[in-house]
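See below for the structure under consideration.
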Amino acid sequence: MDFSFNARTFRTLLHSAVAEHIGEITADNGSEETPEQLLAGMEQAVDVMERADADAAARQGEAVLSEAEITEIGDFALGLLDAIVERVETASGHQNRDLTRLAIPISLWIARQGGSINKLELVVNSLAAWANELQDTLQIAQLARVIREIIDAASDKIRRDLEQSNPMRPWRILNLNYGIVATRSHDPGLMDEAFSVLVENLPQDARAFFREGMQQMDIVGYPVEVREVVERYDRMWGSGNTLH
């Protein structure tokens, strides 16, 4: 598992995923945008991303594009990917893991270039599905760090978390999954980071999260050092009136 994505590696992943489903992408479902326009638009987005990567490398990591420009490119690419995924899944009648997972490198590109992520649904679903496939604690820890990058790059509008009546909103799921994946990594330091972020971003969910975490400690039989971290946060946030 390699998360050292750049625009060039993303292009390779894109071509591989699209090649397998080109027939479904080109099927006409009444969309205003033709399949050719969707794919051409994505290629143009990757061209811009590649140039930004090359310019940043030439300037020893110094950003060439503004935050607003990076955000706009990312929004454009994620919007096109969403349209392609919808086209394929409508034609095939089932979810497509490989195409959906392309949201991860796009989102990481935005984060690492200093932009803001405005579209979370695809990347949140992809990260959750990937987490369910992993068993190795080192790989799980690596995925947790990627989730943190996505959280840190989320736009201010998303971070304001105004739609708290929707328990399935991507921002909530992303932060809860960060805590869960960090716990599964068995890395106490990583757990501390994730739990602190969760308490800050989802204070209304902290108590229930740590209460359930303590239940899982008994069911799954986590190592002592993992249990100690969960117990500490449960004492602080899982009971009493700490959140009020």
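Results for (1) over 21 Å from N201 (Cβ atoms); (2) crowded, with 20+ Cβ neighbours inside 10 Å, shown as yes or no for each residue.
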site: S66; (1), (2): yes, no
site: L108; (1), (2): no, yes
site: N125; (1), (2): no, no
site: N166; (1), (2): no, no
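Restricting the search to helices (runs of 4 or more DSSP H) fully inside the stretch 50-167 and requiring at least 3 residues that are under 30 Å from A208 (Cβ atoms) and touching a helix residue (DSSP H, G or I) at 6+ places or on another chain (Cβ under 6 Å) gives 103-113, 121-133, 137-153.
Out of the residues in the stretch 183-237 meeting the condition of being touching a residue at least 40 places away in the same chain (Cβ under 8 Å), closer than 25 Å to D156 by Cβ and in contact with a helix residue (DSSP H, G or I) (Cβ under 6 Å, 6 or more places away or on another chain), tell me which one is most open to solvent (accessible area, probe 1.4 Å). Only one residue tops the list, namely N201.
Just one of D161, D156, D136, D82 is out of contact with any Leu (no Cβ under 8 Å at 6 or more places or on another chain) and in contact (Cβ under 8 Å) with a residue 24 or more places away in the chain; which is it?
Details: D161 fails: out of contact with any Leu (no Cβ under 8 Å at 6 or more places or on another chain); D136 fails: in contact (Cβ under 8 Å) with a residue 24 or more places away in the chain; D82 fails: out of contact with any Leu (no Cβ under 8 Å at 6 or more places or on another chain).
It is D156.
The values are calculated or read from the model by the stated rules, or taken from the named source; none is laboratory data. No experiment lies behind these values; they were computed from the predicted model shown. Using ideal geometry, Cβ is built from the backbone for each residue, glycine included, and neighbour counts are taken over all protein chains shown. All accessible areas refer to the heavy atoms of the entire protein, side chains included, with ligands and DNA or RNA removed. Shrake-Rupley method; radii C 1.70, N 1.55, O 1.52, S 1.80 Å.
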